[in-house]
Amino acid sequence: MLKFTDEHEWLKVEAGVATVGITEHAAGQLGDLVFVELPETGATFAKGDTAATVESVKAASDVYCPLDGEIVEVNQAIVDDPSLVNSDPQGAAWFFKLKLADPNAADALLDEAAYKELVA
Amino acid sequence: MEDISHLKHTPLRALHLSLGARMVPFAGYEMPVQYPDGVMKEHLHTRTAAGLFDVSHMGQVIVRPKSGKIEDAALALEKLVPVDVLGLGEGRQRYAIFTNAEGGILDDLMIANRGDHLFLVVNAACKDADFEHLKKGLSDSCEVTMLDDRALIALQGPHAEAVLGELWADVSAMRFMDVAEADLHDVTCIISRSGYTGEDGFEISIPSVSAADVTQRLLEHPDVKPIGLGARDSLRLEAGLCLYGNDIDTTTTPVEGAIEWAMQKARRAGGAREGGFPGADRILGQFAEGASRRRVGLKPEGRAPVRGGANLFADTEGKTLVGKVTSGGFGPTVDGPIAMGYVDATHTDNGTTVYAEVRGKYLPVAVAALPFVKQTYKR
C-alpha cells in the first residue's frame with residue numbers, strides 16, 4: 001500500500017512496517033541535497049515529530065514522522081551519498097522503516113491520486 | 001504559495017521567468033533564487049566558466065560636487081565613511097562602509113571615481129536609508145541622485161573576460177577595481193572589474209530600457225549561464241565576503257568584522273585625515289587595543305552544515321559561550337560545509353576548535369583562514 005502525507009513524505013506499508021521517504025516533488029523543491037541526518041534505530045516518534053533532517057546548499061529542512069511508531073531500520077546509503085535523494089527519491093533513497101504503533105493508521109493518509117492533486 | 005504581488009521588479013524579471021527561474025522575495029524585490037540547473041550547478045559553473053547575475057535591486061547613487069571639483073565630493077563623503085576617498089583615482093573603485101556614531105556599520109558599498117562625480121553602489125535593503133543619510137550628510141556641497149532607471153548585472157568567473165571581450169575589445173586593459181564606460185551592443189554601460197564571488201569578473205550598469213537586450217545577448221554565449229541568489233550566497237561565503245545584515249551590521253565595528261583593510265592609512269591614527277567619520281573614537285580605539293570579538297572563518301569538521309544563528313561554545317556541553325555563526329552553509333567548490341561568525345578574542349587563532357550547537361548536538365568546528373577558495377582577481 002503506497003500512501004502520502006501533505007508534508008511530502010511517502011510510505012510503503014507492508015505487514016505493519018512503513019518504509020518512509022520524501023516525494024519526488026519534495027526532492028525537486030529542496031534542490032541538491034548535501035547532508036542527511038537520520039534517526040537512531042529504536043527511537044520512537046509521534047506523528048509530526050521531526051525524525052530526520054535534510055540540507056541543501058541553501059537551507060536545512062525537517063522530515064516529519066508520518067505516523068506514530070518505532071524506527072526499525074535506517075538507510076545509510078543516503079547519509080553516505082545525499083544526492084541519491086535527488087536521483088531516486090521514491091526508490092533507493094528511502095529514509096527509514098517505521099514499525100507502526102497502529103497498523104491501520106496509514107489508511108487515513110492520502111493515496112497517490114490525492115497527493116498528485118495536492119502538488120499539481 | 002507566498003503572496004509576492006506587492007514586491008518590486010527589476011527590468012530583467014520577464015527574462016528570469018522565461019529562463020524558468022524560481023522567484024522569491026528579497027529586500028523588497030521579486031528575485032530569482034535559482035534557475036532549473038539548481039544552486040550546486042550554478043555555483044560550479046560560475047567557478048569554471050561564467051555566471052550572470054541580476055543585481056538590479058541594489059542602489060546606484062550619483063554624488064556630484066556642486067563646485068565641480070571631485071575633491072569636494074570626496075572630502076564630503078569621507079565624513080560618512082572611514083575610507084580614503086580623496087586618494088581614489090579617476091576610473092578606480094573601492095569598497096567602503098557607512099559607520100554610525102557607535103562605530104557600527106550602517107551598510108557596505110562600493111565607491112567609484114568617475115571623474116566629475118562619485119558613483120556608489122549600495123545594498124538593496126539599505127538603499128533608501130543610505131540615500132537619506134547621504135542627502136543629510138552631503139547636500140551642502142553635493143547633489144545626491146538615486147538612479148532608478150538603470151539595471152545592474154554581474155558577469156563573474158574565469159571566462160568573464162573572454163565573453164565581455166567579444167563585445168568590447170578593451171576589456172582586457174581593465175584591472176581589478178577599474179571602472180570604465182563602454183558600449184555593449186551600442187548601449188553605453190558603466191563597467192567595473194569587481195564582484196561578489198571571489199572570481200575575476202565585471203559588474204555592468206545598464207540603462208533599464210536596454211537591460212534585457214544586453215543581458216540576453218550575454219546569455220547567448222555558450223559559456224554563460226544565469227545564476228540566482230542561492231549560488232550568489234554560496235559563492236560569496238566561499239570567498240569570505242560579508243553579507244550585510246548577517247556578518248556585519250550596526251552592532252559590529254570594522255575591527256570586529258575583520259574588515260580593517262577597508263580603512264586606508266590616511267584615515268587611521270597618524271594618517272593625513274585621521275578620524276573624522278562617525279564612530280571614529282571607538283573604531284580607532286579598537287585599532288589600537290583590539291576588539292573583544294572578531295569575525296573568523298569556520299570549518300565544520302564533519303559533513304553537517306552549520307547555519308547562521310548557531311551558537312559557538314568552548315566545550316562539548318554548551319557551557320561556555322564563545323561566539324555565534326553569522327553565515328553558514330555548504331560550499332560546492334570546497335565540497336563541504338563552511339561558515340563564518342564571531343568568536344571571543346581568545347578563540348580567534350586558526351585551528352582553534354569550537355563547538356557549534358546544531359539540533360541539540362555540539363559539533364566541532366575549526367577556526368579557519370578566509371577565503372575558503374583562492375580569489376582570482378586580475379590585479
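For the reader, a short list of remarks on this structure follows.
- Among the residues of region A:55-90, those that are among the aliphatic types (A, V, I, L, M), within 14 Å of chain B (Cβ to nearest Cβ) and within 22 Å of residue A:2 (Cα to Cα) comprise A:63, A:78, A:85.
- Any hit, region B:247-269, residues being modelled with pLDDT of 95 or more and under 21 Å from residue B:43 (Cβ atoms): yes
- Matching residues in region A:71-107 - criterion: being in a loop (DSSP other than H, G, I, E, B), open to solvent by less than 50 Å² (accessible area, probe 1.4 Å) and more than 18 Å from residue A:28 (Cα to Cα): A:75
- Yes/no for residue B:127 being in contact (Cβ under 8 Å) with a residue 24 or more places away in the chain and either farther than 25 Å from residue B:48 by Cα or open to solvent by 10 Å² or more (accessible area, probe 1.4 Å) (or both): yes
- Scanning region B:108-121 for residues that are within 19 Å of residue B:203 (Cα to Cα) and either more than 16 Å from the chain's Cα centre (by Cα) or open to solvent by less than 10 Å² (accessible area, probe 1.4 Å) (or both) yields B:109, B:111, B:112, B:113, B:114, B:115, B:117, B:118, B:120.
- Of all residues in region B:318-376 being more than 27 Å from residue A:83 (Cα to Cα) and basic (Lys, Arg), the one that is least open to solvent (accessible area, probe 1.4 Å): B:324
Condition check ((1) polar (S, T, N, Q); (2) within 14 Å of chain A (Cβ to nearest Cβ)) across all residues:
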| site | (1), (2) |
| --- | --- |
| B:316 | yes, no |
| B:325 | no, yes |
| B:343 | no, no |
| B:359 | no, yes |
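- For beta carbons closer than 6 Å, sequence separation of 6+ or different chains, a first residue in region B:222-235 that is in contact (Cβ under 8 Å) with a residue 24 or more places away in the chain and closer than 24 Å to residue B:371 by Cα and a second that is open to solvent by less than 10 Å² (accessible area, probe 1.4 Å) and of a type in the set (Asp, Glu), the qualifying pairs are B:227/B:42; B:231/B:42.
- Tabulated pairs, region B:275-304, first β-branched (Val, Ile, Thr), second at pLDDT below 95, C-beta under 8 angstrom, 6+ apart or interchain: none
- Yes/no for residue B:89 being closer than 30 Å to residue B:218 by Cβ, part of a loop (DSSP other than H, G, I, E, B), away from every other protein chain (no Cβ under 14 Å) and open to solvent by 10 Å² or more (accessible area, probe 1.4 Å): yes
- Residues that are among the charged types (D, E, K, R) and within 30 Å of residue B:14 (Cα to Cα) were ranked within region B:47-84; the one that is surrounded by the most Cβ atoms within 10 Å (Cβ to Cβ) is B:54.
- Annotation: of all residues in region A:1-51 being within 11 Å of chain B (Cβ to nearest Cβ) and part of a strand (DSSP E or B), the one that is most open to solvent (accessible area, probe 1.4 Å) is A:50.
- Residue B:376 passes every criterion in (1) in contact (Cβ under 8 Å) with a residue 24 or more places away in the chain; (2) assigned to a loop (DSSP other than H, G, I, E, B); (3) over 22 Å from the mean Cα position of the chain (by Cα) apart from (3).
The values are calculated or read from the model by the stated rules, or taken from the named source; none is laboratory data. All values reported here derive from a predicted model rather than from experimental measurement. No Cβ is skipped: glycine too gets one built from the backbone with ideal geometry, and neighbour counts run over all protein chains shown. Side chains are part of the model used for accessible areas, which takes the heavy atoms of the whole protein and leaves out ligands, DNA and RNA. Shrake-Rupley method; radii C 1.70, N 1.55, O 1.52, S 1.80 Å.
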